[in-house]
Amino acid sequence: MSQFTEFLMQRDLFDASHNEKIKLNDGAYLLKAYALPFEATLMKSLMAITTDAPFRHMLTPGGRKMSVAMSNCGSGGWITDKKGYRYDHLDPLTEKAWPAMPSDFFSLAQKAAEEAGFSDFSPNSCLINCYEPGAKMALHQDKDEGDFSHPIVSISLGLTAKFLFGGLSRKDKAKRVLLSHGDVVVWGGVSRLAYHGIDKLKDGVHEVTGPFRYNLTFRSAQTIDHLG
Ligand code: MD6
Ligand code: FE
């Protein structure tokens, strides 16, 4: 066998391992490397958005500073402060509307949802998380959207993190799965309100994102349409 044939075979094996759809639970799928072909445009859009709406550490209603820095794009953004968790049309830091959702974000999220069995997903909000080593996200449910008939689509970029996903009760034992650069998790149906979180991020340097992990979480939040 020529060295070149061997190279082609290796490459095909590599591709196959990169395009798996892994069922995490009913309605919950991990699409390995699904966003990888779009890494450049996603990173470019992410940088543009966070130039207008910078990453910041928000306060929980209990007054604790979150270790994950956040921003948003779309017609509303998820925020938290001493008044509570909610969506708002305006960025409280700049007092301007959140940057619009780029069309490449929207169509990739829609395609990923379709791949996991949820057609016509039309996100109106994207929460952008920035983790540095040591940052984590405690087990929680995403439940500020008012309507749970739509899935959530989550895209991981940069450093690998350990994703914890449990059941509908906080006490249910959580499974653990690694999320790498380009991985997409889609979360809906009977799993829509499953508890989930991110373990403390380990030290590292990624060739695309440096010492960070970014996460884009797309939602269709009815509570945005009902804002004044
Ligand atoms: C994160 N993800 O990956 C945090 N929520 O940074 C989430 O909180 C999340 O990945 C709902 C569905 C999928 C997720
Ligand atoms: Fe979440």
> Sorting Val184, Val205 on the 10 Å Cβ count, fewest up front, what's the list?
Replying inline: Val205, Val184
> If each of Thr80 and Phe55 carries a label point 7 Å out from its Cα toward its Cβ, how far apart are those two points in nm?
Replying inline: 1.7
>> Between Pro102, Pro151, Pro37, where does the largest GNM mean-square fluctuation fall for the chain, given springs only between Cα atoms within less than 10 Å?
In response: Pro37
> With charges only on Cβ, +1 for K and R and -1 for D and E, what is the dipole size of the chain about its Cα centre, in debye, rounded to 20?
Replying inline: 1000
>> For the pair Ala100/Asp225, report the inter-label distance in nm, with labels modelled 7 Å from Cα in the Cβ direction.
In response: 2.0
> In whole Å, what are the Cα extents of the chain along the three principal axes, biggest one first?
Replying inline: 67, 37, 34
>> For Glu6, Glu39, which order do you get if you count the other beta carbons within 10 Å of each Cβ and list the fewest first?
In response: Glu6, Glu39
>> Checking the a/c ratio against 1.5 first, then a/b against b/c, what shape does the Cα gyration tensor give for the range 49-173?
In response: rounded
> Given only helices, namely DSSP H runs of n ≥ 4 each adding -39500 (n - 2.57), what is the per-residue ellipticity at 222 nm of the chain, to the nearest 500 deg cm²/dmol?
Replying inline: -6000 deg cm²/dmol
> By what distance, in whole Å, do the Cα atoms of the range 83-144 stretch along each of the three principal axes, largest value first?
Replying inline: 35, 30, 24
> With the contact rule set at Cα under 8 Å and sequence spacing of 6 or more, what percent relative contact order holds for the range 62-157?
Replying inline: 34
> Among rounded, prolate and oblate, which fits the range 12-102 when a ≥ b ≥ c are the square roots of the eigenvalues of its C-alpha gyration tensor, a/c under 1.5 means rounded, and a/b larger than b/c means prolate?
Replying inline: prolate
> Does the range 99-228 classify as rounded, prolate or oblate by the C-alpha gyration tensor (a ≥ b ≥ c root eigenvalues; a/c under 1.5 gives rounded; else a/b over b/c gives prolate, otherwise oblate)?
Replying inline: oblate
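Bear in mind these aren't lab numbers, they're just calculated from the coordinates by the rules spelled out. Quick caveat, the model's predicted, so the values are computed rather than measured. Counting neighbours? That spans all protein chains shown, and the Cβs are built from the backbone with ideal geometry, glycine included.
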